[in-house]
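J.: Below you will find the structure I want to go over with you.
The values are calculated or read from the model by the stated rules, or taken from the named source; none is laboratory data. Small disclaimer: the values here were computed from a predicted structure and weren't measured. Quick reminder, even Gly has a Cβ in these numbers, built from the backbone with ideal geometry, and neighbours come from all protein chains shown.
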């Protein structure tokens, strides 16, 4: 995807408007100039397609295109988490399993798989010295070399404490259960199916060199390009803008060849309670959560010596953005990626999908719609075109949920209070509908009707004036 100017665009028919493109390019140019980074490439994905990409460089006329590799640091963790969730979905492990059940003999035997994914196992943030990001992985040939003898810094499961060695252990877990190196498993099970052939463990031409920029002078120093060995699952990967656009599209919608959308939704739910009163950031299962300008984003930031990266998805806006730079610090690429989403959403807000009616009518379901009462509280049940029932409190509140049909005739709650709970249509002996049972709560056609199947019964005198 060659680039002929600083503002490059894809050949997709749904390109962004000129004013949007100009605003995005301006933000990228400011980030490169003020962040003093040798080069910077960024892009916006809308509804799963790369609709804009732009770049700036210290060399006139030589800005990188989306096929140039950059090191993506801890964005690697999102790939490792997908590999682990694939193992779970196949039944090869449970997220509640202690690591020692599958990979015994490490200092983290008692930490659960879920805790390692969510950085809530209480493990140390880094390896024992020397600094692992700038030293050859051969210095730590065994898993026992990745953690101190007493690696727990916090009680397991109580708080989020970021742990790079924890993800190295997850990579080793993948290797143990698959019987081959995690990088090869990643290539075969994830990268190849998604068409991400420019995402690799080691750099492949063309790739950017990594630099440190002096904090007080406009001079640079090359950073080492190390192979971190067993620590690779914490931040080894190299990727391109084009490949990260594909990764963003996958994180937004899933792909049954790799991981279903339901599992991805599980990954982006907060795994540990927030510690800041404003809840500006959190962590799921391998995905960072971030609030930015009123939007809830999920994705990940990344940094390694010489490189920083950021990728975020806004499900509500149908947008994602990435940013990559080749300086150790300076350009805040995670913030830049979030800002690109905000700029695009402000200039071109998402159009709602057209309303369309059901393609066929189920008379029994149609008869269930309308008002239902939980005690004296009015609710309404609607049948939606996507084939779900929607139960809503008329007075507002959070008990409302959508329900998806199940093979046994029941309905599974998808969100809010009744997420994971079951709705059943309870019938009388003559086949007529008596009530709805939603997680044992009874919903009736009238508030405390005399014949209603309400636990505890209804006062025989009925409604009275006092």
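J.: Kindly establish whether residue 19 is assigned to a helix (DSSP H, G or I) and out of contact with any strand residue (DSSP E or B) (no Cβ under 8 Å at 6 or more places or on another chain).
T.: Taking the combined requirement at face value, the residue satisfies it.
J.: Could I ask something else about it? Of the residues 55, 33, 96, which single one is touching a strand residue (DSSP E or B) at 6+ places or on another chain (Cβ under 7 Å) and surrounded by fewer than 19 Cβ atoms within 10 Å (Cβ to Cβ)?
T.: 96
J.: Let me ask you something else. Where residues in region 243-277 are surrounded by fewer than 20 Cβ atoms within 10 Å (Cβ to Cβ) and in contact with a strand residue (DSSP E or B) (Cβ under 6 Å, 6 or more places away or on another chain), which of them is farthest from residue 86 (Cα to Cα)?
T.: 274
J.: Next question. Farther than 24 Å from residue 224 by Cα, part of a loop (DSSP other than H, G, I, E, B), in the same structural domain as residue 170 (by TED's automatic domain parsing) and at pLDDT 95 or above - does that describe any residue in region 287-305?
T.: Yes, because at least one residue in region 287-305 is farther than 24 Å from residue 224 by Cα, part of a loop (DSSP other than H, G, I, E, B), in the same structural domain as residue 170 (by TED's automatic domain parsing) and at pLDDT 95 or above.
J.: Please list, ordered by residue number, the strands (runs of 3 or more DSSP E) wholly in region 367-466 having 3 or more residues that are within 32 Å of the chain's Cα centre (by Cα), surrounded by 15 or more Cβ atoms within 10 Å (Cβ to Cβ) and in the same structural domain as residue 268 (by TED's automatic domain parsing).
T.: Per the criteria, no element qualifies.
J.: Please work out if residue 178 is out of contact with any strand residue (DSSP E or B) (no Cβ under 8 Å at 6 or more places or on another chain), buried (at least 17 other Cβ atoms within 10 Å of the Cβ), under 23 Å from residue 116 (Cβ atoms) and assigned by TED's automatic domain parsing to the domain that holds residue 101. First the steps, then the outcome.
T.: Values: out of contact with any strand residue (DSSP E or B) (no Cβ under 8 Å at 6 or more places or on another chain): yes; buried (at least 17 other Cβ atoms within 10 Å of the Cβ): yes; under 23 Å from residue 116 (Cβ atoms): yes; assigned by TED's automatic domain parsing to the domain that holds residue 101: yes.
So residue 178 fits the description; yes.
J.: Mind counting the residues in region 211-228 that are over 20 Å from residue 40 (Cα atoms) and touching a helix residue (DSSP H, G or I) at 6+ places or on another chain (Cβ under 7 Å)? Give the steps one after another, and end with the answer.
T.: Taking region 211-228 and keeping what is over 20 Å from residue 40 (Cα atoms), we get 216, 226-228.
Checking which are touching a helix residue (DSSP H, G or I) at 6+ places or on another chain (Cβ under 7 Å) leaves us with 226-228.
Final tally of qualifying residues: 3.
J.: Of 173, 194, which residue is surrounded by 14 or more Cβ atoms within 10 Å (Cβ to Cβ) and out of contact with any strand residue (DSSP E or B) (no Cβ under 8 Å at 6 or more places or on another chain)?
T.: On the way: 194 fails: out of contact with any strand residue (DSSP E or B) (no Cβ under 8 Å at 6 or more places or on another chain).
Going through 173, 194 in turn, just one is surrounded by 14 or more Cβ atoms within 10 Å (Cβ to Cβ) and out of contact with any strand residue (DSSP E or B) (no Cβ under 8 Å at 6 or more places or on another chain): 173.
J.: Another one. From the list 232, 195, 241, 254, which residue is on the phi > 0 side of the Ramachandran plot and in contact (Cβ under 8 Å) with a residue 12 or more places away in the chain?
T.: Exactly one residue qualifies, and that residue is 195.
J.: Could you go through region 118-133 and let me know if any residue there is touching a residue at least 40 places away in the same chain (Cβ under 8 Å), assigned to a helix (DSSP H, G or I) and over 21 Å from residue 97 (Cα atoms).
T.: yes
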